[in-house]
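The values are calculated or read from the model by the stated rules, or taken from the named source; none is laboratory data. Just so it is clear, the structure is predicted and the values come from calculations on it, not from any experiment. With ideal geometry, Cβ positions are generated from the backbone for all residues, glycine too; neighbour counts draw on all protein chains shown. Surface areas here come from the heavy atoms of the whole protein model, side chains and all, with no ligands, DNA or RNA. Shrake-Rupley method; radii C 1.70, N 1.55, O 1.52, S 1.80 Å.
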Amino acid sequence: MNPIEHAVCRRVLERGDQLCADVEVRVKGRDNHLVVFFAESQDNDYDMVMVLEKDTDRDIDWYDNDLHAAYVDVTEKLFADEAGETHWNPREAFKEQVLSFGDVREQIRLKLGEARLQKV
């Protein structure tokens, strides 16, 4: 995976019963942004739940366009081989690269904390 050029925590979403932070990531050499979902883990850090590729163009997708999938799950494509086995080292390296970019880890902590308070 190429280096990360930019990453920012945009919001918190609820997926099932789990709060997930939505981090938009721009990777050098990729045309489309990635959206990475993080949830709190048991070891006081964050688990990378899913990686989506953001396939939108603001010029034509400023309205609700259901003619194409604006977000495509690329988690397996990025980190699995042709046999479907996940390669954990590149997955964990990417996760840590995103979390360590600027103040992303702190943004996630704050936004998840705010979301938990609102949920109560």
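Some notes on this structure:
- Residues of the stretch 53-109 satisfying the condition of being modelled with pLDDT of 90 or more, assigned to a loop (DSSP other than H, G, I, E, B) and charged (D, E, K, R): 103
- Checklist (1) loosely packed, with under 12 Cβ neighbours inside 10 Å; (2) closer than 14 Å to residue 101 by Cβ; (3) not small (Gly, Ala, Ser) applied to residue 5, failing item: (1)
- Residue satisfying all of: in the stretch 35-46; more than 11 Å from residue 4 (Cβ to Cβ) and modelled with pLDDT of 90 or more; surrounded by the fewest Cβ atoms within 10 Å (Cβ to Cβ) among these: 41
- Tallying residues that are hydrophobic (A, V, I, L, M, F, W, C), touching a residue at least 24 places away in the same chain (Cβ under 8 Å) and open to solvent by 20 Å² or more (accessible area, probe 1.4 Å) within the stretch 92-114 yields 2.
- Scanning the stretch 9-34 for residues being open to solvent by less than 30 Å² (accessible area, probe 1.4 Å), in contact (Cβ under 8 Å) with a residue 60 or more places away in the chain and over 10 Å from the mean Cα position of the chain (by Cα) gives a total of 0.
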